[in-house]
Amino acid sequence: MTQALFRDDAYRAEAEAMVMSSEPRGVALDCTIFYAQGGGQSGDRATLMLEDGAAVPIVNTIYDSDRATILHVPAEGAALPRPGARVIARIDWDLRYQRMRAHTALHLLSVVLPYPVTGGSVGDAEGRLDFDSGEAVLDKANVERRLNELIALNAAVSQRWIADEELMANPGLIKTMSVKPPMGSGRVRLVAIDGLDLQPCGGTHVARTGEIGRALVTGIEKKGKINRRVRIALANA
Ligand SMILES: [Zn+2]
């Protein structure tokens, strides 16, 4: 099992760790700051710095089949560290920070459009959510204006853990129907945007909404009779 440091501090860009196992399909560390692919967000890219100065490029971060071990996928042909070695793990920070900003913007989009969310994904400087918006007419310019108003509030983003049972007792907290909150460990992380939004989420977020900068609504597509896909992008990627 890998200790997931990114869940408690999304801003850590470097950390020391020990190699638990090392194979071409993935290097497991005792702890990691790299976000593992899931919940519609890609895994982090990064570098493992070895004691002899060699650098192992990591092209993706994924969960192993036990869902508890996180695997750092090395670039093809990269020399692997030996088990027991100490490494400095260094995240591709520019990319991660873009994803944190785009991801947090999606939370705000779900405030602007208070409809059930049926899907979503976070790209590098863009993202999308699918809404069951019924007969509502979604106006692109209007959605973009209201999204940027919320960003400009510079609201604080915080997180706390609750027990699975507490979440089950409050099903209204779950906005996304397709992406189940990461339950099973006995506790779930709730992400709050001060005064605006509260939902279970395992992703990485910025500390204040102002960090998102200006957001653009790049498209609203019809995905079925009552489903609309809304795409956003960061203006300053
Ligand atoms: Zn989130």
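Under the definition of Cα pairs under 8 Å and six or more residues apart, what whole-number percent is the relative contact order of the chain? Don't jump to the answer; show the numbers that get you there.
Numbers: 541 pairs, mean separation 44.9, N = 237.
The value is 19 percent.
Is there a quick way to get the dipole size of the range 72-206? I mean about its Cα centre, with the Cβ of Lys and Arg at +1 and of Asp and Glu at -1; what is the value in debye to the nearest 20?
On the way: 15 positive and 16 negative charges, 119 e Å.
Here the size comes out at about 580 debye.
Quick one: dipole size for the range 1-145, taken about the Cα centre, charges +1 on Lys/Arg Cβ and -1 on Asp/Glu Cβ, in debye to the nearest 20. If you can, show how the numbers build up before the last one.
Values: 14 positive and 21 negative charges, 19 e Å.
So the dipole magnitude of the range 1-145 works out to roughly 100 debye.
³J(HN,Hα) across the range 42-56 via Karplus (A = 6.51, B = -1.76, C = 1.60, θ = phi - 60°), whole Hz, x for Gly/Pro?
These are the phi-based 3J(HN,Hα) values: 5, x, 6, 9, 6, 9, 9, 8, 8, 4, 7, x, 5, 10, 9 Hz.
Counting other C-beta atoms within 10 Å, which of LYS222, LYS140, LYS175 has the fewest, and how do the rest follow?
Details: LYS222 10, LYS140 14, LYS175 21.
Exposure proxy ranking, most exposed first: LYS222, LYS140, LYS175.
Can you give me the relative contact order of the range 106-237 as a percent, contacts being Cα pairs under 8 Å and 6 or more apart? Could you put the intermediate results ahead of the total?
Working: 236 pairs, mean separation 41.9, N = 132.
Relative contact order, the range 106-237: 32 percent.
Once you have a ≥ b ≥ c as the square roots of the Cα gyration tensor eigenvalues for the range 68-124, tell me rounded if a/c is under 1.5, and otherwise prolate or oblate according to whether a/b is larger than b/c. Let's see the in-between values first.
Numbers: a/c = 3.32, a/b = 2.68, b/c = 1.24.
Because a/c hits 1.5 or more and a/b exceeds b/c, the range 68-124 counts as prolate.
Could you list which residues have their amide H under 5 Å from that of ALA85, counting only those 5 or more apart in sequence or on another chain, with H placed in the peptide plane?
So ALA85 has HN proximity to VAL19.
Could you list, bin by bin from short to long, the percent of Cα-Cα pairs of the range 93-209 in 5 Å steps?
2, 11, 21, 23, 22, 13, 5, 2, 0
If you line up the long axis of helix 93-112 against the longest principal axis of the chain, both from Cα atoms, how many degrees apart are they, to the nearest 10?
The two axes meet at around 30 degrees.
Just the Cα atoms of the chain: what Rg and Dmax do they give in Å?
When restricted to Cα atoms, the chain yields Rg and Dmax of 18.7, 62 Å.
Return the single residue from GLU135, GLU211, GLU126 with maximal mean-square fluctuation; model: Gaussian network over the chain, springs between Cα atoms under 10 Å.
Taking springs between Cα atoms under 10 Å, the residue moving most is GLU135.
In percent, what relative contact order does the range 1-101 have, based on Cα pairs under 8 Å that are 6 or more apart in sequence?
Numbers: 237 pairs, mean separation 33.4, N = 101.
Relative CO of the range 1-101 lands at 33 percent.
Run the helix sum for the chain: -39,500 (n - 2.57) per DSSP H stretch of 4+ residues, divided by residue count, reported at 222 nm to the nearest 500 deg cm²/dmol.
Result for the chain: -5000 deg cm²/dmol, rounded to the nearest 500.
Where a number appears in this text, it was derived from the coordinates with a stated rule and is not lab data. Computed from a prediction, not measured in an experiment: that's the story for all the values here. So basically every Cβ, Gly included, is an ideal-geometry build from the backbone, and we count neighbours across all protein chains shown.
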